[in-house]
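Structure first, then comments.
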C-alpha cells in the first residue's frame, strides 16, 4: 500500500491519480446486452425471463414466484439463533428509520390554504443479490424504510441458486420485513420485468437495491419509466486516524471494504508516518488469514493508499473532496472533526464504531452514495419511498387581491392563455 505525502496545494492532483477508477469507462458492450435483455422482456415477458434465468443462472424455472410454502420452509431451515439476530437488527433499523417519517402539513392564512401532501409510493421493486451470495442485510435495509413509509406493494427479485430455490436467509429476512411478493429472477432481466411488467410480475413505480454492473446499467436504462434509488459503484472506505488509533483496527477496517471488489477503494489519512508504516505491516499480517485474498490484494494495490497530510486542514479538505461512502474518524476527539465533514455517506466516530456495525446492526441505512456522489446525495431512507404534492386553495376574494399581478406576470412571459385563466374568473 502506497504512502503519499500531501500538502493543501497539491493533494487534488495526487488524489485524482488514485480516484481515476471513478471515471465511467465505455460501457458500450454491456449496454448493448442490457438493451437487448430489456427489449426481449418487453416483447416476450415470462418466457424471456425463464430463458434468461436458464442462460445466466443455470436453472430452468417452472414457476417464477416464490410460494408461501417455500418461504415457510426457509424460515424453519434458519436457526433460531440467526433469526434472533435478524430480528434484533430489524428492530434497530426500524427504530432509526421511524424518526425519518414525514407528515403532510397545511398552513391557513385567512382565505388562503397552502400545504404539502406526503404520499407513499404505491409499489416498489427491491433487487437483492443472490445465487452463491446471501445478503439478508440488503433485504432489511431496503425493505424496512419502504414499509415505514407505507409502501403498499413491496416486491423482491433475487436470483435462484442452482437448486432453483432462493437462499433461505434472504427469505427469512423477507418474511421478517413483510415483503409482499418474491420472484426468483435476477440480473438485468428482473429489472426490466419490474419496470415494464410481465404476465406474472406487475410493474412497479420505483426500483431499489444493489447489483452487479448489468443490474446497475439496467436500472440506469429504465430510469424515467420508473424511479431508482441510485447507481451504486464499488465500495469505499476512508479512515482519518491519529496516534491514538490501533494499527490492527485500521487495517481490519480497510480490508473489510477491499474484500468486496477489486475495484473497491480503501484510503487512510493520517499525519503520522509511524502509524502509516504500522498499518502497512498490520495489513500484511491480516490478509493471510482472510478468504478473498486475490480480490483484496488487487483492491489494495490498485485503488488504495495512505495519505500523510501536513495538517488537519488538508486532511479534512481531502475527505470532503473524496466524499467517501464510509468515513471512519479514529482520533482522540472525533466529535471535533464531525462539524468539518461536509461530504460522506456514513460517518463512524471513535475506535469502536467499525464500518460493519453500520452494514448490519446499528440502524442507519447501509445503502450509501458512492463514487463521490455524497457531495449531492444521501443514504437511502424513508423519504426515498414517499412523494410530495403541493396543495393550494384560494377563495375568490383571495384570488381577486392578486389577479392583476398574476396576469401581468403571465403577459411578461408571453403566455396569454395563462393570463386569460385568471381574467375569465372576474369577467362581468
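The values are calculated or read from the model by the stated rules, or taken from the named source; none is laboratory data. None of the values given here were measured: they were computed from a predicted structure. Heads up, the Cβs are rebuilt from the backbone with ideal geometry, glycines too, and the neighbour counts pull from every protein chain shown.
Determine, yes or no, whether residue 212 is farther than 25 Å from residue 338 by Cα, modelled with pLDDT under 95 and in the same structural domain as residue 65 (by TED's automatic domain parsing). In short, yes. Taking the criterion of being within 22 Å of residue 187 (Cα to Cα) and either assigned to a loop (DSSP other than H, G, I, E, B) or over 18 Å from the mean Cα position of the chain (by Cα) (or both), the residues of the stretch 132-154 that qualify are 132, 133, 134, 135, 153.
Which numbered condition in (1) without any contact (Cβ under 8 Å) to a residue 24 or more places away in the chain; (2) surrounded by fewer than 18 Cβ atoms within 10 Å (Cβ to Cβ) is the only one that residue 92 fails? Here residue 92 clears every test but (1). From 231, 207, 191, grab the single residue that is more than 30 Å from residue 312 (Cα to Cα) and assigned to a loop (DSSP other than H, G, I, E, B). Every option except 231 fails the conditions.
Within the stretch 386-425, being in contact with a strand residue (DSSP E or B) (Cβ under 6 Å, 6 or more places away or on another chain) and either free of Cβ contacts under 8 Å to residues at least 12 places away in the same chain or assigned to a helix (DSSP H, G or I) (or both) holds for one residue alone: 398. The single condition among (1) surrounded by fewer than 19 Cβ atoms within 10 Å (Cβ to Cβ); (2) out of contact with any helix residue (DSSP H, G or I) (no Cβ under 6 Å at 6 or more places or on another chain) that residue 403 does not satisfy is (2).
Scanning the stretch 62-72 for residues that are assigned to a helix (DSSP H, G or I) and surrounded by 14 or more Cβ atoms within 10 Å (Cβ to Cβ) yields 70, 71. Which members of the stretch 1-52 meet the condition of being touching a residue at least 12 places away in the same chain (Cβ under 8 Å) and not in a helix (DSSP H, G or I)? Listed by number, the residues that qualify are 1, 2, 3, 4, 5, 6, 7, 8, 27, 45.
Restricting attention to the stretch 234-260, the residues that are crowded, with 22+ Cβ neighbours inside 10 Å and farther than 16 Å from residue 286 by Cα total 8.
Of the set (1) surrounded by 13 or more Cβ atoms within 10 Å (Cβ to Cβ); (2) within 26 Å of the chain's Cα centre (by Cα), all apply to residue 59 but (2).
Residues in the stretch 290-297 include none that are in the same structural domain as residue 371 (by TED's automatic domain parsing), within 29 Å of residue 340 (Cα to Cα) and at pLDDT below 95. The set of residues in the stretch 237-275 that are part of a helix (DSSP H, G or I) and either touching a residue at least 40 places away in the same chain (Cβ under 8 Å) or under 26 Å from the mean Cα position of the chain (by Cα) (or both) comprises 249, 250, 251, 252, 253, 254, 255, 256, 257, 258, 273.
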